There are 2 protein chains.
Amino acid sequence: MRELLRVAPGGTVDLGAVDPGSTPGLPGPEVTGERRKDWARRQVELVGAELGRQQEMLFADAQARAAGGPAGGAGHRVLLVLQAMDCGGKDGTIKRVAGAMNPLGLHIRSFGPPTPEELRHDFLWRIRRALPPPGYVGVFNRSHYEDVLVARVDSLVPERVWQARYDEINAFEREQAAAGVTLVKVMLHISYAEQGRRLLERLSDPRKHWKYNPSDVDARARWADYQAAYAEAMGRCGTDAAPWHVVPADRKWYRDWAVAHLLRETFDTLDLGYPPAGFDVRRERERLLGTEGNAAGERQVNDR
Amino acid sequence: MRELLRVAPGGTVDLGAVDPGSTPGLPGPEVTGERRKDWARRQVELVGAELGRQQEMLFADAQARAAGGPAGGAGHRVLLVLQAMDCGGKDGTIKRVAGAMNPLGLHIRSFGPPTPEELRHDFLWRIRRALPPPGYVGVFNRSHYEDVLVARVDSLVPERVWQARYDEINAFEREQAAAGVTLVKVMLHISYAEQGRRLLERLSDPRKHWKYNPSDVDARARWADYQAAYAEAMGRCGTDAAPWHVVPADRKWYRDWAVAHLLRETFDTLDLGYPPAGFDVRRERERLLGTEGNAAGERQVNDR
């Protein structure tokens, strides 16, 4: 999936050529043997369990490293960057895919409009503060790419400022990759029609009103501008160090299936394992067994 | 469960009287109709789905509030404080119970030995920084109670210092409760024998070595001191504003079932609902439908 959905480095992205309703890489009915939707949903659970195991190894390695013991890996962390138009499914993807992992090892950060404090710093300041520590799987719900998306479309900064940001982003991401952060950048690509349906759904259900913001319709009115900004951002910042992927997202079950696979394939490249013990196992076993006759302890024993 | 497992306010806690292998509140086989373990595990999933719905309402309310719209609730947040002896099951509880909720709305913080920077501040400094924002479900994996547990047992500070902390904790928790933080404090209560089994398991399985720390055996040798420190902490800080609960935790499936119920009952007291729309729904629908004929948009439409 990584190769299949990846944006060619240095190229221009033709988003119009990617059908948001398509399902690239999904096996046909001869493999799924049932409704593809049901099959994909179950696969997400299976892959999710595997993601949980990989996440544990990532975490274990960082813990061993922090404890000063010999560590097996390289202080890795994984960072999933999710970008999408409103209603593109970022929250749902986090719920389903990140939700399959142990929440203790997740580091999820959402980026809204910058606060006054954030505006006093350069645009990557708040991003740096939100990076996952070693051993964690980070998820960015929106990201520094907003600074070349909404900032460009809404002219929040002069053109020379956002034009300079593509290179700044590439330098930043190269630096992070060198520090052990494996970036997985994903645009959840929905169609204009699907966005309309989902916004209408939010307006029609009082339980979903809180997800609706009148500015969503303003952004929708600038759909073509946003698509162009996405295309340029992914084209200019789709690097070998930090590739971009376009995931067709009109079908939620495909979207989750594809993102889960992107993550699993990313973990596979890390070649993770459990770290060796940072202590003498035999000696610790003896110490532990020595406590069994401990009178102070035994007084407290409550049998099952 | 909240009443059943709750530590009586102001009382002394007799931990020896609580069997860590017991299952208070769990229905008998005439209700479960199958192995209690299997039944409890499925219940955790069902209750977990309900916790997810409650969490969404909590989150929605905070979002509406932040957007300046009318909010339904009172800016609530929930904070689960987990304490236990090593191997008591804090991580497992977070994985199973918090893992049932949407990770986007979770705010999990683990507390290890204080860093040099943390030591330069009072013991509640790092705790205050780790509190969940409104709308979030916070989980403390260890907490400020370590400052009257390990700090006391290992004499990390003079007695007059830790003795003063019980009142400081009560004042802090009262202040948080008044600010809308609903605290659910839980001690996962395992037996000395069960801890021994679990430590041995960690030593016997290379995939679990990373969870083992030689200092665990040192703490085990002071079991009685720790139990006494727990008993006093819960007795002195089990207040109406922030009650303590003792969850028998030798059986993992009971532990998860009990904590899930404690959280659900806590949510029930908040009487949550979805916030009313902070905009004119009819007008927004008209604006949205007005975008359907938008030429710039339609050019981009990709049908399913």
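Here are a few things to note about the model shown:
Matching residues to (1) without any contact (Cβ under 8 Å) to a residue 12 or more places away in the chain; (2) under 30 Å from A:D280 (Cα atoms); (3) within 9 Å of chain A (Cβ to nearest Cβ); (4) not acidic (D, E):
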site	(1), (2), (3), (4)
B:Y212	no, yes, yes, yes
B:S215	yes, yes, no, yes
B:G273	no, no, no, yes
B:P276	no, no, yes, yes
B:R287	yes, no, yes, yes
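- Being part of a helix (DSSP H, G or I) and either within 8 Å of chain A (Cβ to nearest Cβ) or in contact with a Cys (Cβ under 6 Å, 6 or more places away or on another chain) (or both) holds for only one residue in B:R207, B:R202, B:R236, and it is B:R207.
- Selection of the stretch A:1-53 for residues being within 19 Å of A:T269 (Cα to Cα) and either surrounded by 18 or more Cβ atoms within 10 Å (Cβ to Cβ) or acidic (D, E) (or both) yields A:M1, A:E3, A:L5, A:V7, A:V47, A:G48, A:E50, A:L51.
- Selection status of B:L263, away from chain A (no Cβ under 11 Å), in contact (Cβ under 8 Å) with a residue 60 or more places away in the chain and in contact with a strand residue (DSSP E or B) (Cβ under 9 Å, 6 or more places away or on another chain): yes
- The criterion of at least 1 residues that are in contact with a strand residue (DSSP E or B) (Cβ under 6 Å, 6 or more places away or on another chain) and within 26 Å of B:G238 (Cα to Cα) is met by the following helices (runs of 4 or more DSSP H) wholly inside the stretch B:82-132: B:90-96.
- Scope the stretch A:8-56; condition closer than 29 Å to A:A241 by Cβ, within 20 Å of the chain's Cα centre (by Cα) and small (G, A, S); matching residues: A:A8, A:G25, A:G48, A:G52
- Residue that is out of contact with any helix residue (DSSP H, G or I) (no Cβ under 8 Å at 6 or more places or on another chain) and acidic (D, E), where the choices are A:E56, A:E30: A:E30
- Test: residue in the stretch B:122-131 that is out of contact with any Pro (no Cβ under 8 Å at 6 or more places or on another chain), among the basic types (K, R) and closer than 24 Å to A:L106 by Cβ: yes
- The stretch B:125-138 residues that are without any contact (Cβ under 8 Å) to a residue 12 or more places away in the chain, paired with ones that are surrounded by fewer than 17 Cβ atoms within 10 Å (Cβ to Cβ) (beta carbon under 7 Å, 6 or more apart): B:W125/B:E118
- Qualifying residue in the stretch B:182-189 (condition: within 11 Å of another protein chain (Cβ to nearest Cβ), outside any loop (DSSP other than H, G, I, E, B) and either buried (at least 20 other Cβ atoms within 10 Å of the Cβ) or within 21 Å of the chain's Cα centre (by Cα) (or both)): yes
- Complete set of residues in the stretch A:3-59 that are more than 18 Å from A:A249 (Cα to Cα) and among the hydrophobic types (A, V, I, L, M, F, W, C): A:A8, A:V31, A:L46, A:V47, A:A49, A:L51, A:M57, A:L58, A:F59
- Residue check: A:S155 meets all listed conditions (1) assigned to a helix (DSSP H, G or I); (2) over 15 Å from the mean Cα position of the chain (by Cα) but one, namely (1).
- B:Y145 vs. criteria farther than 28 Å from B:M57 by Cβ and hydroxyl-bearing (S, T, Y): yes
- Failed criterion for A:A296 (all others in (1) at pLDDT 90 or above; (2) assigned to a helix (DSSP H, G or I); (3) at the interface with chain B (Cβ under 7 Å from one of its Cβ atoms) hold): (1)
- Here A:G75 fulfils each of the conditions (1) within 27 Å of B:Y212 (Cα to Cα); (2) at pLDDT 95 or above apart from (2).
- Among the residues listed as A:Y226, A:Y254, A:Y230, the single one being of a type in the set (S, T, Y), over 30 Å from A:L58 (Cβ atoms) and either crowded, with 19+ Cβ neighbours inside 10 Å or in contact with a helix residue (DSSP H, G or I) (Cβ under 9 Å, 6 or more places away or on another chain) (or both): A:Y226
The values are calculated or read from the model by the stated rules, or taken from the named source; none is laboratory data. Here the structure is a predicted model, which is why all the values come from computation and not from measurement. Cβ sites come from the backbone with ideal geometry, for glycine too, and all protein chains shown count toward neighbours.
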